[in-house]
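Any read-out appearing in this document is the output of simple, stated calculations on the displayed coordinates, not a laboratory observation. Just so it is clear, the structure is predicted and the values come from calculations on it, not from any experiment. Note that we place each Cβ from the backbone using ideal geometry, even for glycine, and neighbour counts take in every protein chain shown.
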């Protein structure tokens with residue numbers, strides 16, 4: 001898949017999907033799978049048009065946290081077979097009316113044969129464009145418009161990025177896994193820590209949780225760390241380390257099972273599978289060390305089952 005950050009006139013007579021696709025959840029995948037399948041049937045290339053920032057952030061005083069990094073979004077969309085991904089600067093398009101966006105952007109630059117959108121997609125200034133509006137112009141501009149209907153998990157729960165953010169904030173990892181179609185994860189580069197975990201006998205890879213991303217509740221989790229092509233079980237601690245610090249600075253730490261490589265400065269993906277317990281202030285390092293031994297003993301049994 002080729003990623004582009006500005007529009008060229010090279011990709012014409014193609015199939016387009018429109019949306020921000022935060023999380024690329026199972027509902028989004030219905031849209032993108034429809035795009036790819038229909039494009040292949042027509043013998044044309046497929047492209048996703050999205051933006052470098054959630055458009056909702058331009059119309060709200062509070063920024064909406066992302067479910068995943070742009071890198072993860074790119075990897076997932078690419079895995080679905082899309083040919084081109086346009087990540088455009090939303091500020092350049094936010095003042096276009098719905099009709100101007102169709103005519104001056106989509107039709108002029110892409111001459112689409114097909115446009116695929118979800119049932120609740122909006123576009124244009126003041127969100128005046130919707131799927132039916134897009135369909136109304138399809139005859140005039142010679143494109144087919146497919147509106148993918150609302151997708152409900154197990155036919156009862158609406159799948160949406162908003163609902164997934166709520167579930168992440170509450171720490172409902174099973175529900176998040178079901179709605180995303182994968183485990184929730186955080187990707188960032190490994191930084192040097194204060195070596196306390198090593199002194200306690202459980203060396204960790206330390207990461208800063210990206211400010212742009214939605215956050216899980218503080219606690220201890222089982223999961224995995226993906227470093228390059230390797231995926232290893234990990235005992236994960238997320239919080240402020242209240243027993244050892246003033247509790248003001250957040251840190252994500254992952255003790256990687258059966259792993260002894262130098263990954264400082266490398267980008268890793270921390271994958272959350274199961275919450276074990278809440279973060280606690282144990283009062284002193286001796287009590288903390290006893291708890292860590294219990295945590296690791298239980299985790300090691302879990303990890304060995306995966307081998």
Q. Tell me, what is the percent relative contact order of region 183-306, built from C-alpha pairs under 8 Å that lie six or more residues apart?
A. 32 percent
Q) Got the relative contact order for the chain handy, in percent, Cα pairs under 8 Å and 6 or more residues apart? A) 16 percent
Q.
Rounding to the nearest 10 and keeping the result within 0 to 90°, find how far the Cα-based axis of helix 285-306 lies from the longest principal axis of the chain.
A. 60 degrees
Q) Exposure proxy check: 22, 52 ranked by fewest other beta carbons within 10 Å? A) 52, 22
**Q.** Mean ellipticity per residue at 222 nm, deg cm²/dmol - from DSSP H runs of n ≥ 4 across the chain, formula -39500 (n - 2.57)
**A.** -8000 deg cm²/dmol
Q.
Which of rounded, prolate or oblate describes region 189-307 when judged by the alpha-carbon gyration tensor and an a/c cut-off of 1.5?
A. rounded
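Apply the a/c threshold of 1.5 to the C-alpha gyration tensor of region 2-158 and tell me whether it is rounded, prolate or oblate.
The shape class here is rounded.
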(Q) How would 1, 231 line up from fewest to most surrounding beta-carbon atoms within 10 angstrom? (A) 231, 1
Q: Take every DSSP beta bridge whose two residues both sit in the chain, then give the antiparallel share in percent to the nearest 5.
A: 65 percent
Q: Kindly express, to the nearest 10 degrees and within the range 0 to 90, the angle between helix 26-42's C-alpha long axis and the longest C-alpha principal axis of the chain.
A: 40 degrees
Q. Which one is right for this structure if mean projected area of the Cα convex hull in nm² is calculated from it: [x] 16.9; [y] 17.9; [z] 15.1?
A. [y]
Q. Pick from 119, 143, 153: which is most flexible by mean-square fluctuation in a GNM of the chain where alpha carbon atoms under 10 Å apart are linked?
A. 153
**Q.** Three-way shape call for region 93-249 based on the alpha-carbon gyration tensor, with the a/c threshold at 1.5
**A.** prolate
Q: Please figure out what share of the DSSP beta bridges in region 35-150 is antiparallel and state it in percent, rounded to the nearest 5.
A: 10 percent
Q) How far is helix 70-79 tilted off the main Cα axis of the chain, in degrees rounded to 10, range 0 to 90? A) 60 degrees
